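The values are calculated or read from the model by the stated rules, or taken from the named source; none is laboratory data. Owing to the predicted nature of the structure, the values given are computational and were not obtained by experimental measurement. Every residue, glycine as well, gets a Cβ built from its backbone with ideal geometry; the counts of neighbours run over all protein chains shown. Surface accessibility is based on the protein's heavy atoms, side chains included, excluding ligands, DNA and RNA. Shrake-Rupley method; radii C 1.70, N 1.55, O 1.52, S 1.80 Å.
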Amino acid sequence: MSDHNIFLYEPQSKNFRSGGVELLEEWSTLSGSWIWLNISGAPDPDEKKILGERFGIPSLAIQDAQRERHPPKLEVFDNFIFIMLRDLVSDEHDEDIQVAGLSLMLGSNFLVSRHHHKVPSVEAVLDAVRASPAELESGPDHIAYLLSRKIVDNYTPVVLKLEDYLADLEDHVFDEPGDDAIELITRYNRAFKQLRRHLANQRDVVAQLHRPSTPLPVKLNRHEFNDIFEHMERLASLCHLNQELASDLLNTHLNLVSHRLNNVMRLLTIVTVIGLPLTLLAGIYGMNFQNMPELGWKYGYFGVLSVMALIVIVLVTVFKRRKWL
């Protein structure tokens with residue numbers, strides 16, 4: 001079952017009331033008044049009837065609003081604007097980016113907000129209206145602006161905090177590269193990718209609202225929505241920049257690990273090259289055949305050791321001159 005929060009405002013008397021569905025009847029009889037209907041939770045059978053009969057909202061738009069998941073979009077009808085947005089419900093400490101859909105149906109004398117789950121922007125604006133009913137004086141378009149602005153404000157600290165985490169991780173990669181760094185970089189890259197997708201889709205929606213060329217049946221303060229557009233544009237660009245930084249950081253980390261591995265392999269190769277002739281000499285004189293004249297030589301043992309030492313010195317000198325050591 002869905003929950004309803006209804007606010008009725010009369011501009012002439014500046015009277016403000018909140019209640020249930022009984023205010024819908026009063027709104028239809030009060031000239032000049034406007035109403036905000038907030039619906040949350042799973043759809044119920046009466047919801048479609050209320051939205052269709054009281055507000056003249058087409059059934060297809062109602063079905064989109066009642067869907068739990070739907071990409072952001074803007075659709076303009078004869079008597080209202082249908083806006084679908086996504087609010088951020090996770091914070092910077094969450095590993096996954098979680099969002100909740102919010103549908104706004106904005107008319108000249110009504111605003112309907114529809115969401116399945118608890119949406120931080122709606123809760124914040126509801127609390128603001130209860131604390132100061134004067135917020136309703138500017139009309140339903142101003143409440144729609146406040147809801148949209150709160151959505152941007154919810155994204156901002158998360159994006160900035162993740163940017164700080166990525167900056168700290170960059171220092172960690174150069175100081176102590178390891179497998180944990182790969183996991184963190186991948187996680188941040190994924191988070192920025194998700195944030196960028198959500199912000200870019202909503203930016204395109206708000207871009208249509210603030211353009212003077214877009215015909216709208218409702219009078220909007222386009223400067224307010226232009227402010228939202230600019231904030232979303234900056235956040236989307238910041239996410240894109242940090243996503244590229246995370247990708248570059250991952251490549252840098254892999255190159256550092258590969259470089260260190262190459263150094264280890266080079267050292268092992270040098271040790272092997274030095275050991276090969278020594279092993280060869282030891283193998284030859286370890287066969288102990290009778291017709292090996294060196295075996296009876298008084299200084300044979302010391303001679304072989306001297307040859308081995310000379311080989312080591314020559315090879316080390318060559319490697320150092322070539323800067324392999």
(request) Consider residue 85 carefully, then state whether it is within 19 Å of the chain's Cα centre (by Cα) and within 22 Å of residue 74 (Cα to Cα). (result) yes
(request) Return yes or no: is residue 75 over 16 Å from residue 119 (Cα atoms) and assigned to a helix (DSSP H, G or I)? (result) no
(request) Find all pairs meeting these conditions: Cβ atoms under 6 angstrom apart; at least six residues apart or on different chains; first residue within the stretch 220-234 and within 20 Å of residue 110 (Cβ to Cβ); second residue of a type in the set (A, V, I, L, M) and modelled with pLDDT under 90. (result) 225/209
(message) Checking residue 36 against (1) assigned to a loop (DSSP other than H, G, I, E, B); (2) modelled with pLDDT of 90 or more, only one condition comes out false. Which one?
(response) (1)
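Conditions (1) open to solvent by 60 Å² or more (accessible area, probe 1.4 Å); (2) in a loop (DSSP other than H, G, I, E, B); (3) farther than 30 Å from residue 142 by Cβ, marked per residue:
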site: 229; (1), (2), (3): no, no, no
site: 247; (1), (2), (3): no, no, yes
site: 264; (1), (2), (3): yes, no, yes
site: 274; (1), (2), (3): no, no, yes
site: 286; (1), (2), (3): no, yes, yes
(message) Against the definition (at pLDDT below 95, open to solvent by less than 30 Å² (accessible area, probe 1.4 Å) and small (Gly, Ala, Ser)), how does residue 100 come out, yes or no?
(response) yes
(request) Of the conditions (1) over 21 Å from residue 145 (Cβ atoms); (2) open to solvent by less than 50 Å² (accessible area, probe 1.4 Å); (3) within 24 Å of the chain's Cα centre (by Cα), residue 72 clears all except one; give me its number. (result) (1)
(request) Given the conditions (1) crowded, with 18+ Cβ neighbours inside 10 Å; (2) over 35 Å from the mean Cα position of the chain (by Cα), report the number of the one that residue 6 does not fulfil. (result) (2)
(request) Run residue 69 past the list (1) under 28 Å from residue 160 (Cα atoms); (2) in a strand (DSSP E or B) and report the number of the one that doesn't hold. (result) (2)
(request) Output the qualifying pairs, or none if there are none: Cβ atoms under 8 angstrom, residues six or more apart or on different chains, first residue in the stretch 46-75 and of a type in the set (S, T, N, Q), second residue assigned to a helix (DSSP H, G or I) and crowded, with 19+ Cβ neighbours inside 10 Å. (result) 66/47
